[in-house]
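Undergrad: The following block contains the structure, expressed as structure tokens.
The values are calculated or read from the model by the stated rules, or taken from the named source; none is laboratory data. Just so you know, these numbers come straight off a predicted model, no measurement behind them. Cβ: placed from backbone, ideal geometry, glycine included. Neighbour counts: every protein chain shown. What goes into the accessible areas is simple: the full protein's heavy atoms, side chains included, and nothing from ligands, DNA or RNA. Shrake-Rupley method; radii C 1.70, N 1.55, O 1.52, S 1.80 Å.
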Amino acid sequence: MAQDKSIRTTDQLPAIPTPIRDALVAAGAPFNPAAAVPEPQDAPALRWGILGAGGIAATFATYVPAFSSGRIVAVGSRDRTRAQAFIDAHPDAGKGQSVRAHGSYEALVGDPDVDAVYIATPHNFHCEQALLALEAGKPVLVEKSFTRNAAEARRVFDAARAANLFAMEAMWTRFLPGQVLLRALAGSGALGELRYVRAEHLQSLEHVERLNRPELAGGALLDLGVYSVSFVHSLLGAPTALTAVGRLSETGVDLDESVSMTYPGALAVAVSSMSAASETAGEVVGTRGRVVLPTQFYRPAPLEVVLGEGPDAQRHEWDATVPGGFQFEAAEVARCIAAGRTESETMPWSETLAVLETMDEVRRRLGVTYPGE
């Protein structure tokens, strides 16, 4: 994909329908898209080092240079040949400048040209590799699930705090334009009092070897369910109580689970599975309206806003589909580092911990543990 500064994702968003804007104004929360979703190309330029050369790293290496001000300067793997093959497969990652291949993670985090490290390895490695980068003085963006459990996340955040370095979970969904508008509607009261939130993330991934291995923290929850649980948390916070049911594989990882969460005045359900596929829909229901994300709630996608109830209800769609998606979280990292902040207001440490605590409890109820925990 050619690198072109004219590719500005936010410019491709249509205007928000007037009734939706009016509902936010009436709720006392006028919505300015340019302020709420800053253009990623306008963020301070950041030189990224990618730790890990797998599939999710490929997405980052494609979208971040194409749609943000950042570029990739180095890739690290335990095998330098693999790191170089990754670079060769993504010729635009450096935006016309060379990208260095490293044959160890230590060499990557020690590279003086790397401003920040994106960690894109299996979950069981996240804690030790984030600590490695932080000890080398590098801010980190760590793929979700941030770590295997909340205890490991606390270790990483304690290290970031002690070193005065930025750290964030790469929950890219939180930064997408549609999600930002959704939270504005829900948080302002434009939908009334929230009563119900649901999110489902089912994909047929049983064939993926990594997901069947407990030693790699496999299973549906940490890969897919983290989206559903984090979606609920972004709107309602941590639950006062939860129940969980699910199925385990022969290897002891979770194949699927349904998590019911209770809140004062509201209920939520988060479903995930790696044994079948669904529309991956989401819905937020309030006393004066609701928002439906009919497919792929975790990606840039259209959302339907229903204002009012019954025959007088008004339906309005805003198509928040844009190219890429990872550019928004990468731009947030760049802005925070430039401002001297150690955490993001949109995806703060407390939120990552709260989501992990919920997932820890789900795994406890299902009987899923990982070697070394």
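Undergrad: With respect to Arg365, determine if the residue is in contact (Cβ under 8 Å) with a residue 60 or more places away in the chain and within 23 Å of the chain's Cα centre (by Cα).
TA: no
Undergrad: Count, please, the residues in the range 92-120 that happen to be open to solvent by 20 Å² or more (accessible area, probe 1.4 Å) and touching a strand residue (DSSP E or B) at 6+ places or on another chain (Cβ under 6 Å).
TA: Selection size over the range 92-120: 7.
Undergrad: Could you tell me whether Glu215 is in contact (Cβ under 8 Å) with a residue 24 or more places away in the chain, outside any loop (DSSP other than H, G, I, E, B) and out of contact with any strand residue (DSSP E or B) (no Cβ under 7 Å at 6 or more places or on another chain)?
TA: yes
The rows are residues; the columns are (1) in a helix (DSSP H, G or I); (2) in contact with a strand residue (DSSP E or B) (Cβ under 8 Å, 6 or more places away or on another chain).
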{"residue": "Pro311", "(1), (2)": "yes, no"}
{"residue": "Arg315", "(1), (2)": "no, yes"}
{"residue": "Phe328", "(1), (2)": "yes, no"}
{"residue": "Ala331", "(1), (2)": "yes, no"}
{"residue": "Arg335", "(1), (2)": "yes, no"}
{"residue": "Gly340", "(1), (2)": "no, no"}
{"residue": "Glu345", "(1), (2)": "no, no"}
{"residue": "Thr352", "(1), (2)": "yes, yes"}
{"residue": "Pro371", "(1), (2)": "no, no"}
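Undergrad: Can you tell me how many residues within the range 18-52 are crowded, with 16+ Cβ neighbours inside 10 Å, modelled with pLDDT of 95 or more and part of a loop (DSSP other than H, G, I, E, B)?
TA: Going through the range 18-52 one residue at a time, the tally reaches 7.
Undergrad: Check the range 75-91 and report whether any residue there is surrounded by 16 or more Cβ atoms within 10 Å (Cβ to Cβ), touching a helix residue (DSSP H, G or I) at 6+ places or on another chain (Cβ under 6 Å) and part of a helix (DSSP H, G or I).
TA: No, the conditions are met nowhere in the range 75-91.
Undergrad: Follow-up. Can you find a residue in the range 310-328 that is open to solvent by 30 Å² or more (accessible area, probe 1.4 Å), modelled with pLDDT of 95 or more and among the acidic types (Asp, Glu)?
TA: For the range 310-328, residues open to solvent by 30 Å² or more (accessible area, probe 1.4 Å), modelled with pLDDT of 95 or more and among the acidic types (Asp, Glu): present.
Undergrad: Under 9 Å by Cβ, and 6 or more places apart or on different chains, what pairs join a residue from the range 92-117 that is part of a loop (DSSP other than H, G, I, E, B) with one that is acidic (Asp, Glu)?
TA: Final answer for the pair search is Gly103/Asp79.
Undergrad: Could I ask something else about it? Of the residues Val306, Val285, which single one is surrounded by 16 or more Cβ atoms within 10 Å (Cβ to Cβ) and touching a residue at least 60 places away in the same chain (Cβ under 8 Å)?
TA: Matching residue, one of Val306, Val285: Val285.
Undergrad: Name the single residue, out of those in the range 61-74 being in a helix (DSSP H, G or I) and out of contact with any strand residue (DSSP E or B) (no Cβ under 6 Å at 6 or more places or on another chain), that is farthest from Pro40 (Cα to Cα).
TA: Top of the filtered list is Thr62.
Undergrad: For the range 126-138, which positions are in contact (Cβ under 8 Å) with a residue 24 or more places away in the chain and either assigned to a helix (DSSP H, G or I) or open to solvent by less than 10 Å² (accessible area, probe 1.4 Å) (or both)?
TA: His126, Cys127, Gln129, Ala130, Leu131, Leu132, Ala133, Leu134, Glu135
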